[in-house]
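Heads up, the thing below is written out as structure tokens.
The values are calculated or read from the model by the stated rules, or taken from the named source; none is laboratory data. Note that the structure is predicted; figures quoted are calculated from it, not measured. Here the Cβ positions follow ideal geometry from the backbone for every residue, glycine too, while neighbour counts run over all protein chains shown. For accessibility, only protein heavy atoms count, side chains too; no ligands or nucleic acids. Shrake-Rupley method; radii C 1.70, N 1.55, O 1.52, S 1.80 Å.
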Amino acid sequence: HADTAMYYAKNEGRDNCQFYNADLTLQAEKRMHLENDLRNALQQNEFYLVYQPQLDITEGNFQSVEALIRWQHPEQGIISPLDFIPLAEENGLIIPIGEWVLRTACAEAVQWHNNGQCLDVAVNLSPMQIKDSELVNKVLGILTETGFPPNQLVLEITEGALMEHNENTLTTLHTLRNHQIKIALDDFGTGYSSMNYLRRLPINYIKVDQSFVRDLLDNKDNLAIVRAMISLSMNLGFSVTAEGIETLRQAQVLKYFGCNALQGYYFSKPISAEKIHCLLNQKWSIQASSPNAIDHEN
Ligand code: C2E
Ligand code: MG
Ligand code: MG
Ligand code: MG
């Protein structure tokens, strides 16, 4: 019956529409809850840090670790920084959270240093922290308070954050460098900044974004891009780290291209501070190998 069919179709449409709205409301509510929970997370001690080692290719051992934040939510379990850092950026909570990360990373690292494990520690800074006029004072204060040596601290700044630069950002970076703190440009290749601009920045390390590493061996264009990024960076005097290494083959090719350091699940997932000592006696020897070499392994 035509009328009945029409009746059903209309109602179905309306219902779908209602479901859709209900979905959006639910999402907005979830987000609001998460934001509320985020406000209390610091006081409730729900954050902790994990550390992922970076292999120095020449030495064949781990010389530094990157601190990565995790949120142990009381009901939802562990929440990824990808899901709450953007929220914290929007509402300004990233400032106290970022300070907590820096203080905790330095304090935990001092403990390993006391045990003779002298790894550098890299801490991620969000764009809002870099714009904070108190950043330098806060960093220096935390170094003094914890006793962590400034020349073993690396601050990771994304290429995107540096592109919204202004004179203050540049002054901040120079002041940090004058205090022996090192700077890494994170997620390199995703921000379209020119090499001509980058070479003027007081940067020590360039971190090739993991998206390039993931697709490294997929096609010749991609290989050419990564190779060019690495050699340009090196020629400008930066030390190059590649992140997201998941296979031996990726490691071999990146070594062949001249990368200085490698980070990724192939070597180690991020681990807790208590497990740092496991990294110390590890020795890795990666054979440089051209991308054209026939792969005998598979
Ligand atoms: P990032 O700084 O580029 O960190 C690298 C991310 O790649 C980490 O994800 C790490 O666990 C992941 N990763 C490392 N090796 C591999 C691999 O072989 N394969 C794959 N698929 N992934 C790998 P995580 O810990 O989820 O952090 C994501 C992002 O969240 C970070 O990217 C950083 O931008 C941000 N983040 C993490 N901790 C902090 C923090 O304390 N402060 C700020 N502002 N941002 C943070
Ligand atoms: Mg990073
Ligand atoms: Mg990165
Ligand atoms: Mg990233």
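Data overview
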read-out: Cα gyration tensor category, rounded, prolate or oblate, for segment 165-298 with a/c compared to 1.5; value: oblate
read-out: Crossing angle, helix 220-235 versus the chain [Cα axis fit, 0-90 degrees, rounded to tens]; value: 50
read-out: Gaussian network model of the chain, springs between alpha carbon atoms under 10 Å - residue of 136, 240, 208 with greatest fluctuation; value: 136
read-out: Debye-sum result for segment 19-175 in log10 I(q)/I(0), which assumes one identical scatterer on each alpha carbon, at q = 0.12, 0.15 Å⁻¹; value: -0.60, -0.89
read-out: Counting all C-alpha pairs of segment 160-235, share separated by more than 19 Å (%); value: 39
read-out: Dipole-positive endmost among 48, 22, 190 within the chain (Cβ charges, Cα centre); value: 190
read-out: Simple Cβ-charge dipole of the chain, Lys/Arg +1 and Asp/Glu -1, about Cα centre, in debye nearest 20; value: 820
read-out: Considering only the chain, percent of DSSP beta bridges that pair antiparallel, nearest 5; value: 40
read-out: Most fluctuating residue given options 164, 134, 29, as computed from a GNM of the chain linking Cα atoms under 10 Å; value: 29
read-out: Area accessible to solvent at residue 32, 1.4 Å probe radius, in Å²; value: 120
read-out: Helix 2-41 axis, angle to the chain major axis (alpha carbon atoms, nearest 10°); value: 40
read-out: Over the chain - Rg/Rh using Cα atoms and the Kirkwood inverse-distance radius; value: 1.07
read-out: For the chain, calculated [θ]222 nm from helices alone, where every DSSP H run of n ≥ 4 adds -39500 (n - 2.57); value: -15000 deg cm²/dmol
read-out: Segment 70-159: C-alpha gyration tensor shape, a/c 1.5 cut-off, then a/b vs b/c; value: oblate
read-out: Neighbour-limited loop hits for GluC sites (Glu not before Pro), segment 200-298 (at most 14 other Cβ within 10 Å; DSSP other than H, G, I, E, B); value: 246, 297
read-out: With eigenvalues of the C-alpha gyration tensor scaled by 5 and rooted, segment 120-163, Å; value: 20, 13, 6
read-out: Volume of the Cα convex hull of segment 247-296, divided per residue and given in Å³; value: 83
read-out: Helix 135-146 vs. the chain, principal-axis angle (Cα, 0 to 90°, nearest 10); value: 70
read-out: Fraction of alpha-carbon pairs over 21 Å apart in segment 106-238 - percent; value: 46
